[in-house]
Each structure stands twice: as C-alpha cells, then as structure tokens.
Amino acid sequence: MPMLAASLRAGVVLAGRRMRRILVPLMHRGRKLSTWEDLLRLPEDVRAEVIAGAVVTPPSPLPRHARAQRALGGFIGRPFDDDDGRGGPGGWWILLEVDVRLGPHDIVRPDLAGWRRQRLPAPWDVRPIDVAPDWICEVVSRSNAAHDRVTKRDLYARSGVPHYWLVDPDARTVEALRLDLATRAWVELGAYDDSARARIAPFEAIEIEVRRLFPPVADEPPLP
C-alpha cells in the first residue's frame with residue numbers, strides 16, 4: 001500500500017488549480033474502482049472525493065467562495081438547524097463539507113448539505129454519512145464549474161437528492177433545482193441575482209437576501 005499512497009500524493013501535487021482525477025494504479029487496468037478506503041490513504045490535509053470510482057481533488061477555494069459558504073450556512077442554519085429554531089421551523093441538520101457516500105464508488109464532500117432530522121437522527125460520529133442529503137448546495141468557482149453543473153448535478157439526480165442549489169460568487173447568483181422523483185430529472189425552481197429577496201424550497205419558510213452571500217461591490221450601499 002505504500003506505493004498506492006505515494007502515487008496518490010504525486011497526483012495531488014500535480015493537480016494545481018484545475019480539477020484533476022487521480023486514478024489508483026489498478027484503475028488503469030480496469031480492475032479496481034476507488035472507494036472510501038482509498039480516500040483514507042490520502043494525507044489528512046488533502047480535500048478529495050471519489051466520483052465514478054476516480055479520486056478527484058478540487059482546487060482550494062478563493063475567499064469569495066468561503067464567504068458564500070459561510071453566509072449561506074448561517075442564514076439557513078440558524079432558523080433550521082439550531083435547537084431553538086431562532087424564529088424558524090428547525091428540524092434539519094445543516095453541515096459544511098462532510099463526507100457523504102452516495103454509493104461504493106461515489107463519495108462527495110458538498111460545500112453544504114442538509115438532512116431532515118427524522119432521516120438522520122444523529123450524524124455526529126459518522127464518517128462517511130451513508131444517507132443521501134435532502135438538500136445539497138455547491139458554491140461554483142471558475143475552475144470547477146463543469147464538475148458542479150454537469151458531473152455532480154447528474155450524480156445527485158441519480159442518487160435521489162431532492163434539492164440542489166448552485167451558488168455562483170462570480171455571477172452573484174443562486175440557482176435552485178428540485179428533483180422530479182418519477183423521472184429523475186431536475187426542475188428549475190428559480191434563478192436569483194443579488195437584487196433578489198427570495199423564498200426558496202426547501203427553506204421557503206425564510207427569506208434570503210441574496211446579496212448578503214457575496215462580498216460588497218464598490219458602488220453598493222453598506223448592508224444594514
């Protein structure tokens with residue numbers, strides 16, 4: 001196994017800023033697809049996923065990506081995840097960057113994921129989580145846009161994730177999709193720019209001011 005670990009580490013070094021697939025040695029001969037065990041062999045500081053049996057290392061996010069992730073987690077987490085609801089309905093777990101195993105050869109780490117508590121009563125000591133989320137949000141960057149908009153969109157549909165949001169800090173937009181469970185096809189619920197105040201399923205109980213997800217622009221008045 002040292003050879004495998006060394007090979008994976010070498011691939012990580014070469015990944016750079018672009019999305020990169022790292023295939024374990026036996027994958028080249030068509031005999032092995034990567035699993036959770038392959039992720040465990042990576043260095044602890046490597047953020048990686050397994051997609052269709054290949055280990056994928058996303059590039060490090062820019063600060064604008066981290067801001068959108070943190071802000072949305074707060075806006076949704078306070079009313080839906082906090083035990084007292086903070087004026088909202090509660091009933092959810094909203095978690096950032098946890099490992100989710102959608103299948104033996106598909107292990108993802110969404111930017112944000114949410115579970116209704118009746119489906120996942122206690123996630124705290126579980127890794128990876130083997131229950132598909134009720135909601136996933138990916139924060140899109142230029143280097144991984146196709147991965148989130150095509151590869152993961154298709155994977156989440158096949159895995160039966162009911163709601164998928166895409167937050168784009170460059171375009172300053174939020175796109176919301178709902179899965180038609182009969183056809184496994186996405187239905188667009190709406191696309192919102194930074195002028196919108198929106199109620200978006202499955203969190204329509206609250207209103208989200210979209211511009212608060214992103215860094216202020218030069219001519220924008222200060223946030224109250």
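Tabulated data for the structure shown
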| read-out | value |
| --- | --- |
| Count of residues meeting criterion [under 23 Å from ALA176 (Cα atoms) and free of Cβ contacts under 8 Å to residues at least 60 places away in the same chain] in the stretch 122-145 | 8 |
| Residue tally, condition open to solvent by less than 50 Å² (accessible area, probe 1.4 Å) and at pLDDT 95 or above, over the stretch 207-224 | 6 |
| Any chance ARG41 is open to solvent by 20 Å² or more (accessible area, probe 1.4 Å) and touching a Pro at 6+ places or on another chain (Cβ under 6 Å) | no |
| In the stretch 102-144, residue most open to solvent (accessible area, probe 1.4 Å) [restricted to those that are farther than 20 Å from ALA71 by Cα and outside any loop (DSSP other than H, G, I, E, B)] | ARG116 |
| Failed item in (1) in contact (Cβ under 8 Å) with a residue 40 or more places away in the chain; (2) touching a Phe, Trp or Tyr at 6+ places or on another chain (Cβ under 9 Å); (3) open to solvent by 30 Å² or more (accessible area, probe 1.4 Å), with SER159 passing the rest | (2) |
| Checking ARG119 against (1) in contact (Cβ under 8 Å) with a residue 12 or more places away in the chain; (2) over 24 Å from GLY88 (Cα atoms), the condition it does not meet | (2) |
| Residue in the stretch 108-116 that is within 27 Å of VAL210 (Cβ to Cβ) and without any contact (Cβ under 8 Å) to a residue 24 or more places away in the chain present | yes |
| LEU181 vs. criteria modelled with pLDDT under 95 and not acidic (Asp, Glu) | yes |
| Condition broken by PRO59, with the remaining ones in (1) part of a loop (DSSP other than H, G, I, E, B); (2) in contact with a Phe, Trp or Tyr (Cβ under 9 Å, 6 or more places away or on another chain); (3) open to solvent by less than 30 Å² (accessible area, probe 1.4 Å) satisfied | (2) |
| Matching option when the condition is surrounded by 15 or more Cβ atoms within 10 Å (Cβ to Cβ) and without any contact (Cβ under 8 Å) to a residue 24 or more places away in the chain, among ALA196, ALA176 | ALA196 |
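The values are calculated or read from the model by the stated rules, or taken from the named source; none is laboratory data. All figures in this text were calculated on a predicted structure; none of them were measured in a lab. A quick note on method: Cβ atoms are made from the backbone with ideal geometry, for glycine too, and the neighbour counts reach across all protein chains shown. Ligands, DNA and RNA are excluded from the accessible area calculation, which covers all protein heavy atoms including side chains. Shrake-Rupley method; radii C 1.70, N 1.55, O 1.52, S 1.80 Å.
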